[in-house]
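These notes are about the structure you will find just below.
The values are calculated or read from the model by the stated rules, or taken from the named source; none is laboratory data. This is a predicted model, so every value here is computed, not measured. Using ideal geometry, Cβ is built from the backbone for each residue, glycine included, and neighbour counts are taken over all protein chains shown. Keep in mind that these areas ignore ligands, DNA and RNA; they rest on the heavy atoms of the full protein, side chains included. Shrake-Rupley method; radii C 1.70, N 1.55, O 1.52, S 1.80 Å.
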Amino acid sequence: MTDPATAALWPGESTEAARRLLLAAVDSFARRGYHATTTRDIATAAGMSPAALYIHYPSKAALLAEISRTGHRATLELVERAERTGADPVERMRALTESFTVWHARGHTVGRIVNHELHALPAEDFAAVAELRIRIEETVLRILADGVAAGLFRVPDQRTAARAVTSLGIDVSRWYSERSSESPEELGRRYGQLVLRMLGAPAERIGD
């Protein structure tokens, strides 16, 4: 079953049939992997014929590209929103880490696909998604650099630290499930504290 966060990625801006195909593709790719999934698998899961799929998407790769672009745009929006909070770098980084972690926990199904099936994308689609990933990392890096400049973070290499921050959140989608003992919000709070400790933030700013 598709998790609610994944279903919310396509609230109705495309046709209902296209939305059903996208959600069926997410479920099929998550269960079987991209390469083991056939267009028949996707169409059957969507309650459609294989021929009907091609009316909306020219290929299985086109479905993966749409899923990947949408997932990455959603994560870019939330990290940019954290950057715009106007808070100091510590609170911006906390907000970014918490929301990034919560998204990858709630949307763990699509999170696994968009982060672990990247190399199955056609070259043009891979380039578009890679650009979104760069923008996500650069947003994290700007907040981190502000914190270093203010004496609030202490890291030997800022780009490596920025990649570590995003990697922690991304990995949540690999193991999180509805059976996990922590809610997405609780996990986000703990990861926020973990990241601030990793970045050398003042102890009194981290919280319990």
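Note on region 47-73: residues that are part of a helix (DSSP H, G or I), out of contact with any Pro (no Cβ under 9 Å at 6 or more places or on another chain) and open to solvent by 20 Å² or more (accessible area, probe 1.4 Å) total 10. For region 156-179, give me each residue that is crowded, with 17+ Cβ neighbours inside 10 Å and β-branched (Val, Ile, Thr). If the condition is that a residue be crowded, with 17+ Cβ neighbours inside 10 Å and β-branched (Val, Ile, Thr), then Val165, Thr166, Ile170, Val172 are the ones that fit.
Has region 101-108 got any residue that is more than 15 Å from Gly188 (Cα to Cα), part of a helix (DSSP H, G or I) and open to solvent by 40 Å² or more (accessible area, probe 1.4 Å)?
Scanning region 101-108, I find no residue that is more than 15 Å from Gly188 (Cα to Cα), part of a helix (DSSP H, G or I) and open to solvent by 40 Å² or more (accessible area, probe 1.4 Å), so the answer is no.
Of everything listed in (1) farther than 28 Å from Glu138 by Cβ; (2) at pLDDT below 90; (3) outside any helix (DSSP H, G or I); (4) not aliphatic (A, V, I, L, M), the single unmet condition for Arg19 is (3).
When region 182-199 is limited to residues that are outside any helix (DSSP H, G or I) and loosely packed, with under 14 Cβ neighbours inside 10 Å, the one that is farthest from the chain's Cα centre (by Cα) turns out to be Glu182. Of all the criteria given as (1) at pLDDT 95 or above; (2) of a type outside the set (Val, Ile, Thr); (3) under 14 Å from the mean Cα position of the chain (by Cα), the one not satisfied by Trp175 is (1). One residue stands out in region 74-86 among those that are surrounded by 14 or more Cβ atoms within 10 Å (Cβ to Cβ) and not acidic (Asp, Glu): the one that is nearest to Ala150 (Cα to Cα), namely Ala82. Among residues that are out of contact with any Pro (no Cβ under 9 Å at 6 or more places or on another chain) and among the acidic types (Asp, Glu), Asp146 is not included.
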